[in-house]
Amino acid sequence: MSGDNSVDKGVEVVDESYQEEQIMADRSYDPEAMKKDGKNMYSEEEYLAEVGEMNCYCVPSRVYGVKDFFFRTLAWLLLNKEQILGGLTVAITQIPEAVTAALIAGVNPAKALQATWLMNIFTSIIGGRPGMISGATPFIGVALMNLVDNDGADYIYYAVLFGGFLQVLFGLMGLGALMRFVPYTVIQGFSNAMALIIFAAQFRYGKVTPDQAFHSEYSYSRNMVELGHSWNHIIDSEKGWNSDTVSVVILVVHAILAFLICLIMPRFTRILPSSIVAIFFCTFLEHILIRLPSDVMSATIGDYVIVKTPPLNPIWTDETITVPGFNIDTFSKIYLYGLAVFGTGLAESLLTCQVVDELTEVKGLKNRVAFGQGISNVIVAIFGGMGGSGSIAQSVVANHSDGITGLCSFLAGTFILLFIYAAYDVVNIVPLGCIAGIMTWTAFKLVDWESILQAIAACLPMRIRDKI
């Protein structure tokens, strides 16, 4: 009997403590209850939501009155300041990268911008790694460009749909666990190679003139088996360099200033992300201190591509797209490119997830990433986008701007949506040199310098290696 009584008392104690916790949770934002307890319901310490929480009006309890609504909004903004600014920074720097992917594929840049904002929003909602940025990338452009050359841009939607379905199947089968068999040296090599590609891609901007002449159509000679083929398209080898020396010098100055701001500022303060400070500073320098008192100028995003509003319609109802009938002949044309989108996009996404894991020291769910990428690619294809994958460069930009949650990815897509549908004039004035400097800093942070030193040391004679 005594044993039974002790058990009963124990159960009662647990029940009472549980009820007390529930009552306290329910009263956490009750004005009357907090007044009785002598608490200040508008103290920042009483705001219990976590960083990245998207619903501050129902967590941890519902809103009580107008004053509570404004308090929670202000507290949410302060709590997620880094996520908001990180998303804004990524949105600005990701637009040129998406346009580059479109030019490599040979499609309208609107298709890349459509894919980028849709992927960022849906990967953050449906499934994806917190802090991982997605969108149209140059590697997806490389996978699709022969299809565009041979059969036309209207076939890419079926290829992206097929690749997206395969990615969904990959995630549902739990095959993302195979990433644990990838050696760390492969991750190091991937990071170093991506850093080199990111750095090389910035030289494209040295071929853009401030008169928007770059917008004219030009063609590529695409050959998938040509040695150095991808490299030629990444650096845009078929366009000539900008002959205006002053314009190029200003572009280089912007790049150096942006690089130094991103490199030095975090050592003194992290109140604001260094990359967004670099964007505002270089834009002010270009338009106030350079263009106003003189006639000289450098190229901006608006000179690289005019961000226009793409139609947001399903491809079957879009009058600008002639969707071919889906049959055996169509499938025979697109299935290899669908496999290329599947393999390229999945490999880049999972390796990007792995790199972000190393940066944040938090393990991501690979199957969830694969599933989210697949669903997003299916949605992108339905609405006329060119497909995409995880973006290692933009994920590093987000990480070093302290954008480490799914909210940052969601806001990056939201800001891009805002730019291309309402505020495109805002992003068109950002100097390309500033974007080049930020991305060069990203490449610098991405390089595994220790592995580079180890590789150099391995090439040296043993006697020299011992001395070092």
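Per this entry, PRO130 is not counted among residues that are touching an Asp or Glu at 6+ places or on another chain (Cβ under 7 Å), surrounded by 15 or more Cβ atoms within 10 Å (Cβ to Cβ), outside any helix (DSSP H, G or I) and not charged (D, E, K, R).
Only a single criterion out of (1) under 14 Å from ALA340 (Cα atoms); (2) modelled with pLDDT of 85 or more; (3) in contact with a Ser or Thr (Cβ under 8 Å, 6 or more places away or on another chain) is not satisfied by VAL148, namely (3). When you check PRO96 against the structure, is it open to solvent by 10 Å² or more (accessible area, probe 1.4 Å) and modelled with pLDDT of 85 or more, yes or no? No; evaluated as a whole, the condition is false for this residue.
Please tell me if ALA347 is surrounded by 18 or more Cβ atoms within 10 Å (Cβ to Cβ) and closer than 30 Å to ALA443 by Cα. No; evaluated as a whole, the condition is false for this residue.
Is it the case that some residue within the range 362-371 is under 13 Å from ILE92 (Cβ atoms), open to solvent by less than 10 Å² (accessible area, probe 1.4 Å) and part of a helix (DSSP H, G or I)? No, there is no match, as no residue in the range 362-371 is under 13 Å from ILE92 (Cβ atoms), open to solvent by less than 10 Å² (accessible area, probe 1.4 Å) and part of a helix (DSSP H, G or I).
Residue check, TYR64 against (1) modelled with pLDDT of 65 or more; (2) out of contact with any helix residue (DSSP H, G or I) (no Cβ under 8 Å at 6 or more places or on another chain), all met but one. Which one? Failing condition for TYR64: (2). Would you call THR309 out of contact with any strand residue (DSSP E or B) (no Cβ under 6 Å at 6 or more places or on another chain) and modelled with pLDDT under 90? Against the criterion (out of contact with any strand residue (DSSP E or B) (no Cβ under 6 Å at 6 or more places or on another chain) and modelled with pLDDT under 90), THR309 qualifies.
Among the residues of the range 402-428, those identified as β-branched (Val, Ile, Thr) and either closer than 24 Å to GLN354 by Cβ or modelled with pLDDT of 90 or more (or both) are ILE404, THR405, THR414, ILE416.
If the condition is being modelled with pLDDT of 90 or more and of a type in the set (Phe, Trp, Tyr), then the range 151-183 contributes TYR155, TYR157, TYR158, PHE162, PHE165, PHE170. Each residue in the range 285-332 was checked for being in contact (Cβ under 8 Å) with a residue 12 or more places away in the chain and hydroxyl-bearing (Ser, Thr, Tyr), and 6 of them qualify.
Conditions tested, residue by residue: (1) more than 30 Å from GLN454 (Cα to Cα); (2) open to solvent by 40 Å² or more (accessible area, probe 1.4 Å); (3) part of a helix (DSSP H, G or I); (4) small (Gly, Ala, Ser).
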residue	(1), (2), (3), (4)
GLY141	yes, no, yes, yes
LEU147	yes, no, yes, no
TYR157	yes, no, yes, no
GLN167	yes, no, yes, no
GLY171	yes, no, yes, yes
ILE187	no, no, yes, no
ILE198	no, no, yes, no
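Might you check whether a residue that is under 22 Å from PRO310 (Cβ atoms), touching a Phe, Trp or Tyr at 6+ places or on another chain (Cβ under 9 Å), part of a helix (DSSP H, G or I) and open to solvent by less than 20 Å² (accessible area, probe 1.4 Å) occurs anywhere in the range 435-447? Yes: one or more hits. Pick from the range 369-401 the residues that are closer than 15 Å to ASN120 by Cβ and among the β-branched types (Val, Ile, Thr): which of them is modelled with the lowest pLDDT? The selected residue is ILE392.
If you go through the range 332-344 and pick out every residue that is open to solvent by less than 50 Å² (accessible area, probe 1.4 Å) and either among the hydroxyl-bearing types (Ser, Thr, Tyr) or within 15 Å of the chain's Cα centre (by Cα) (or both), you end up with 2.
Figure legend. Inter-residue proximity from the range 240-266: first residues over 19 Å from ALA200 (Cα atoms) and at pLDDT 95 or above, second residues open to solvent by 50 Å² or more (accessible area, probe 1.4 Å) and not in a helix (DSSP H, G or I), beta-carbon distance below 7 Å, spacing 6+ or different chains. No pairs are indicated.
Starting from residues that are aliphatic (A, V, I, L, M) and not in a helix (DSSP H, G or I), keep the ones in the range 173-185 and report whichever is least open to solvent (accessible area, probe 1.4 Å). Once the filter is applied, the top-ranked residue is VAL182. With respect to the stated conditions, THR405 is touching a Pro at 6+ places or on another chain (Cβ under 7 Å) and open to solvent by 10 Å² or more (accessible area, probe 1.4 Å).
The values are calculated or read from the model by the stated rules, or taken from the named source; none is laboratory data. Model, not experiment: these values are computed from the prediction. Neighbour counts are summed over all protein chains in view; Cβ atoms, including those assigned to glycine, are modelled from backbone coordinates with ideal geometry. The area values use the complete protein model at the heavy-atom level, side chains included, leaving out ligands, DNA and RNA. Shrake-Rupley method; radii C 1.70, N 1.55, O 1.52, S 1.80 Å.
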